[in-house]
Amino acid sequence: EYHMTLQSKCACWNGCLPPKPVSNACFYIHPQLGTINLTSIGKTNGKPRFKDIKSTLLSSSLWSYNPCFQFTEYNCQNAAACQIDRKSKLANIIGEQDNVQWENIYTNPTIIYHTANRQRSLSVELICNDNKDASNDLEVIGEISGNEFYMKLRSKCACWNGCPSNKPSSSKFPLIVC
């Protein structure tokens, strides 16, 4: 009599399928490309990393943005990004950390932030700058059409595996393997 045990992830239901990408407002983990991790760029003190930036388009607004962590500026609360009127200092939230999706993963990855009511959206194009001495640079394009906004973030953290994860983990992917 013989007894045989098969120990393989392929013995699990869908166990041999490649892991799916995992993402949130701070990072994107791709099984083949690696990780984009913006955690080290964002401020955790409730203030924006990029504050009151002028846009390249002619505008009476200033713009603030903080990757990963929400901030408050004037009446713009719990935001990923805000549009601020230069004179009145009234601010509109143009994106929230809890409402994101990633696009263009194989070219220049882009994070799309939405407001809770989905009336406004912000696209932040991530541009890899793998120069080790490069600073994090935000270019605000501004409002490109009604309630759609656009920015470009140049950073080594926008490169695949450009910035290490701050999370201690024994696994590259937060997956349960049977």
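Structure notes:
- Set Lys20/Lys132; Lys47/Lys156; Lys43/Lys89; Lys20/Lys152; Lys43/Lys156; Lys51/Lys87 screened for pairs whose C-alpha atoms are more than 19 Å apart: Lys20/Lys132; Lys47/Lys156; Lys43/Lys89; Lys20/Lys152
- Proportion of all alpha-carbon pairs of segment 42-158 beyond 16 Å (%): 57 percent
- Over the Cα atoms of segment 52-93, the radius of gyration divided by the Kirkwood radius equals 0.96; this is the Rg/Rh ratio.
- Distance from the Cα centroid of segment 47-66 to that of segment 90-162 is 13 Å (rounded to whole angstrom).
- Ranked by how many other beta carbons lie within 10 Å on average, peptides 78-89, 59-70, 99-110 from highest: 59-70, 78-89, 99-110
- Ser59-Ile112 FRET efficiency (beta carbon distance; Förster radius 25 Å; 0.05 resolution): 0.75
- Ranking of Asp133, Asp52 by count of other Cβ atoms within 10 Å, fewest first: Asp133, Asp52
- Spin-label model, Asn78/Ala134: points 7 Å from Cα along the beta carbon direction are separated by 3.4 nm.
Any read-out appearing in this document is the output of simple, stated calculations on the displayed coordinates, not a laboratory observation. Every value quoted in this text rests on a predicted model; they were computed, and no experiment measured them. Here the Cβ is made from the backbone with ideal geometry for all residues, glycine too, and neighbour counts use every protein chain on show.
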